[in-house]
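Read through the structure below, which is laid out as structure tokens, and then see the notes.
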Amino acid sequence: MPPPPPESGEPAGDDVLQKAECLRLLDALPAAAAASPAFRRHWPSISASLASLSASLSHPAFPPSAPRLLAPLASALSALVSVAGNGAASSLGHLHTVSLLSSSAAELSQLAADARLLVSPGNGGGEGVAAGVDGLIPRLRLGSAASRAAALDALVDSVGSLPPSAAAVAVSAVAAMLDSGEILPASREKAVSVLAAFASSDATCRLLAQEAGAVAAAAGVLRNLAAFPDLLPTFREEGALPSLIQLVSLGTPRAQELALGCLQNLTSGDGDECQRLKVEAFQDGALGCVKDFLESCVGDEPGLAPAFGLLRNMASFRYIAEIAVSASFVDHVLAALGSDKAATRTEAAMALAELCNVTSHGKTRRDVGDAIPRLIWMLEAKPAAERDAAARALAALVAASGYRKLFKKEEQGIVNVVQLLDPSTARGGVDARFPVSVLLAVSPSRRCRKQMVAAGACGFLQALLAAEVDGAKKLADCLARGKMLGVFPRS
């Protein structure tokens, strides 16, 4: 882990130069603007912001490093000095100049307010929670990486007890900090702690009705952080799973979508930590929560894709898959295969691939067989992920003889699967093992072997043999034996 940048010692050279440049422009702009008629209308507000900025930047409490304020300030001041230059207004055009001055005035006003926050009492590096959340926010938004880390430390122990309005502001600041990408690695874990504490606090329940946007922001950030394997233990330690499941039950549609996405990311891996999270999510009621969500959906809602993704992840445990099948999840999956959204169809097909391992008897098998025409159609989709998901589902289905008969009745089935063996298609994201598995399952049929050869399977298999794709040699041998026996002519 790289060492944090200096926080309280000597400021970096770039910071000193940037601050000096801002002060120079603040001094130069009034004289330049006085000679430009274009500034007359906006000068009162601009001049007030300039005075405030000059006072803040010269204040002893102004932090040694504040690039998120100084960089946009230097850019805005440089643009204004350029407009004030000789002939600038005529070269830019009157409307362009008026628009630039109006937007710059608003930007300077916001920058001046940010600068005042940085020098207000309570924003020093060591005052912590005593400064209150209002003192921490500017450090989270504008401070250096080390300053942000210190503010997070101060916020971890207090966010769960903050009033709803203050918690909403804090969560928004943490979300913006993470979205910027400029954060120390160690601070990511603290961010999870802050957001998980917020999600599990009483304030969250009140915010579901009052500040839905802050809840969705927290869920969105947690979803993104859940993609980092090293942060998974933090989610478990902070008790985030029950809170996320509660959010799926009680949140707004956007918050539900993001919470489901977070749960999907948390359970998407094969490592020990992910396996534990799958079991804990199931024990905390995630499966029932997903069923309630699916039954409450009206139309093709955005949350369907992550809901089926979470179902697929949990159903990788056969015990959970059996419970899901008995609870009629298959009906929801089959309906989703007809969705207008590729993401929903893709996740539904992946879920079906897991569930069909326990759907090999009675009425359930006939119902699932109705998915085969739709899956064959999905093999022609443009997104590689959708074609891959359909191939996985078909490979799982044709492992049962009843489904093989249904597959062989479809005219385009063999042709569409063979096209997935094309090396260019495989390189595009389709795992060739699954179409090979489908073809192997129906290869005992002479009619199917003829269709494979006619569709070009022999040529495609050469590249797969070189890549040592599982099942490719067996399929190639099967087709070659058919030729030698004269079952069908050479191609």
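The values are calculated or read from the model by the stated rules, or taken from the named source; none is laboratory data. Worth saying up front: this structure is predicted, and the values here are computed from it rather than measured. Here Cβ is always computed from backbone atoms with ideal geometry, including for glycine, and neighbour counts include all displayed protein chains. Just so you know, the surface numbers come from the protein's heavy atoms only, side chains and all, with ligands and any DNA or RNA stripped out. Shrake-Rupley method; radii C 1.70, N 1.55, O 1.52, S 1.80 Å.
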List, in the order given, every pair from LYS341/LYS450; LYS278/LYS405; LYS382/LYS473 whose Cα-Cα distance in the structure shown is over 31 Å.
LYS341/LYS450; LYS278/LYS405
Suppose R0 equals 56 Å; then what is the FRET efficiency for HIS96 and GLU380 from their Cβ-Cβ distance, rounded to the nearest 0.05?
0.70
Calculate log10 I(q)/I(0) of region 412-486 for q = 0.13, 0.17, 0.25 Å⁻¹, where I(q) comes from the Debye formula with a single equal point scatterer on each Cα and nothing for solvent.
-0.31, -0.53, -1.19
Heavy-atom accessible surface of region 300-382: percent carbon and sulfur, 1.4 Å
50
